[in-house]
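Q: Right, I'll just put the structure down here and ask away after.
The values are calculated or read from the model by the stated rules, or taken from the named source; none is laboratory data. From a predicted model like this one, the values you see are computed outputs, not experimental measurements. Here the Cβ positions follow ideal geometry from the backbone for every residue, glycine too, while neighbour counts run over all protein chains shown.
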Amino acid sequence: MSANRAPLFDAVIVGSGAGGCAAAYRLASAGLRVAVVEKGKELPRDASTLDFDKVVHQGLFKSKELWRDGRGRKFTPEEYFNVGGKTKWYGAALLRYGRHEFDADPTHQCLAWPIAYQELQPYYEEAEALLGVRTFATEPDLLRIVARLQSNSPTWKSEPLPLGLASSILDHPLEAARFDGFASAAGLKSDGETVFLSRLRSMPNVSLLTGVAVVDLIGKPGSPHRISGVRLEGGRVLQADAVLLAAGALHSPRILAQYLERSGLAGVLPSAQIVGRNLKLHLLTAVIALSVSRKTDLIRKTTLLLNDTLPHSSVQPLGFDGELIGTLVPRLAPRFVARQIGHRAYGFFLQTEDGSHPDNRVLAGDLPTLDYDAARLGNAAREHSRLVTTFKLALGRIGMPTFSQRIGLAGTAHACGTLLAGTDPRRSVVDPRGRVHGLPSLYVVDGSVLPRSSRVNPSLTIYSWSLRVAQALALELRERRSTTEREAIAS
C-alpha cells in the first residue's frame, strides 16, 4: 500500500471481549470500516461448553499460556482466547460502579477516575438496554438463607443482582444451572458476541479475523508516535486510522510495552513507565455453606449482599450447581462424598476492592510475568480478612457450617488497571477519551484502563467505557474520512 493511499480500515480492534465487541458495534454502526482481530476462534455450538468434564476437569477451552509469578514460578492464568473473550464464560453479573467509586480513596490506595460518574451514566444505561440486563426473583433456598442471615446479623443488606440472562433461561435447566463459568450454547447469556458481534455479522464494513494473534503495533514511517496498524502472526499487516487495544488487562499492556521498546519511545513517553503497573484482580474468596437439605435453586446468583462495616466489599452467590460446588470441597474428602456435600451446599463469592500499587504489574517477556502481592495492599487485605470471617460467622449462627477457598493468582477474571486512565501522562497511560498519552491514534477500550476495581464485577463498566470512547472516535473518524474524500475530489 502506498503512503498516499487511504488505510484499508478506519479502525482495527485487537480483541473481542467486552470492550472490543462494544467498540466494534459502535464504530461499525456509524458506517466505518472495522476489523476485529481475535486470537482465539469461535466456540462450538454443540453444548460442549456446558459439559462439566470438558470445561472443568479437562479445561478444554482455557488458555494453556504459561506465565511466571513475582517469584519466578510458572503457572497458567485462567484466561480464555475465543470470540467474545471472557464474557462467554463470565460477565453475566452486570452491575454499575457506585458514584463514590469514581473518586479517589487514599486510605484504600484507590485512584480517582479522570471522569465523573455522570459522564459514564448514559453509557451505563445504553449498555444495560443492549445487554438486556434484568433481575430475577430470589429462589426458595437462597430466600431462606438470606432471611435467616439478616434476622441474625442485621448489618447485612440485600438487593437484586442485575444479570445479563434471557428471561427464558429458567425454561432451560442446564443453561440456568451452568451460566456461571460456562458458555451458553443457546445464546441465553448476554455475552459480547451474542449481543454485539452478532448484530454485525452481515455488515459489509466489518471483518472478523479469528485464530490469529496481533504480534506488534506498526508506527507510521518516520513518525513512531502515530500508530498506523498492526502486524499479525504470519506477517500480514492491517492498516487503519485508529487502533483500539481490547485484548484485556493482562495482554494489552504487553502489546504496548513491546512496541514502545522496539520503537525507542519507552525512554521518551512519560507514560511508558506506567505501562503494565497498578494491576488489580479483586481479593476473592469462595465460601461454601453446608446444610442437611438438598438445594434445588437453578440460577442462584440473584442477590447481592452488602455490609456497611465493609464498604469495599460485596458478596454474591456462586451460580454453581451441586456438581460444581463439589469440586471446591477439600481433597481430603472422597469424591463421592464431595458430590453429596455439593448438592447440599450453597456457594458464595466474596470480593474486596484492591487498590493500586505500582509493583503489582504485568511484564512482557518470553514468559510473561504477573507480579501481584496482596500484602502490598494492607487495608484491602485486612478488610477482606474481616469480610470472610464476618460472613462465615454469620452463616454459622444460622446453622450453616462453612469452609472457604481463596482464589489464587490464576483467578484473573476481574483483571484491570494495567493501562490506567488519567489526565497526567506521568501517572497514567490513557487520557479521558481513551487515547494513549503521546500516541494519538491508539486507544484502549478494555479493563486495563480502570483506575478502580470497585466492590463489584467490572464487565458493565468496561462495556460502557468502550461505548463512550468509540462514540467520540466514530465522529472523529467520519469527519476525517469526509475531509479525505473532499480533498480527493478536489484534486
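Q: Just checking, how many residues over the range 391-410 are farther than 24 Å from V292 by Cβ, touching a residue at least 24 places away in the same chain (Cβ under 8 Å) and either not in a loop (DSSP other than H, G, I, E, B) or not hydrophobic (A, V, I, L, M, F, W, C) (or both)? Quick ask: steps written out before the conclusion?
A: Initial filter on the range 391-410 (farther than 24 Å from V292 by Cβ): 406-410.
Then drop every residue that is not touching a residue at least 24 places away in the same chain (Cβ under 8 Å), which leaves 406-407, 409-410.
Add one more test, that the residue is either not in a loop (DSSP other than H, G, I, E, B) or not hydrophobic (A, V, I, L, M, F, W, C) (or both), and what stays is 406.
Of the residues in that region, 1 qualify.
Q: Residues of the range 263-280 being in a loop (DSSP other than H, G, I, E, B) and either small (G, A, S) or crowded, with 16+ Cβ neighbours inside 10 Å (or both), which ones?
A: Keep residues of the range 263-280 that are in a loop (DSSP other than H, G, I, E, B), which gives 264, 268-269, 275-279.
G264, L269, V275, G276, R277, N278, L279, listed by residue number.
Q: Limited to the range 159-191, what total is found for residues that are among the basic types (K, R) and outside any strand (DSSP E or B)?
A: Of the range 159-191, the ones among the basic types (K, R) are 178, 189.
From the residues that got through so far, the ones that are outside any strand (DSSP E or B) too are 178.
Selection size over the range 159-191: 1.
Q: What pairs can you find where one residue is in the range 200-227 and at pLDDT below 95, the other is loosely packed, with under 15 Cβ neighbours inside 10 Å and of a type in the set (G, A, S), and their Cβ atoms are less than 8 Å apart, with a gap of 6+ or different chains?
A: From residues that are at pLDDT below 95, the pairs are P221/A3.
For (1) among the aliphatic types (A, V, I, L, M); (2) surrounded by fewer than 18 Cβ atoms within 10 Å (Cβ to Cβ); (3) modelled with pLDDT of 95 or more; (4) closer than 19 Å to D105 by Cα, each residue gets a yes or a no:
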| residue | (1), (2), (3), (4) |
| --- | --- |
| Q316 | no, no, yes, no |
| G322 | no, no, no, no |
| R339 | no, yes, no, no |
| Y346 | no, no, yes, no |
| T352 | no, no, yes, yes |
| E383 | no, no, yes, yes |
| G422 | no, no, yes, yes |
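Q: Pairs only if they're at least six apart or on different chains, beta carbon under 8 angstrom, first in the range 241-256 and part of a helix (DSSP H, G or I), second surrounded by fewer than 24 Cβ atoms within 10 Å (Cβ to Cβ) and modelled with pLDDT under 95; list them, first residue then second.
A: Listed pairs, sorted by first residue: P253/A364; R254/A364.
Q: Of (1) in contact with a Ser or Thr (Cβ under 8 Å, 6 or more places away or on another chain); (2) of a type outside the set (A, V, I, L, M); (3) not in a helix (DSSP H, G or I), T194 satisfies all except one. Which?
A: (3)
Q: Follow-up question, since we're still on this one. Inside the range 124-149, can you point out the residues that are buried (at least 17 other Cβ atoms within 10 Å of the Cβ), among the aliphatic types (A, V, I, L, M) and not in a helix (DSSP H, G or I)?
A: So in the range 124-149, the residues buried (at least 17 other Cβ atoms within 10 Å of the Cβ) come out as 124, 126-128, 130-131, 133, 136, 138-139, 141-142, 145-146, 149.
The next check asks that each one be among the aliphatic types (A, V, I, L, M); those that pass are 127, 130-131, 133, 142, 145-146, 149.
Within the range 124-149, just V133 meets the criteria.
Q: Here is a check on your reading of the model: is G31 within 27 Å of E479 (Cβ to Cβ) and surrounded by fewer than 16 Cβ atoms within 10 Å (Cβ to Cβ)?
A: Answer is yes for this residue.
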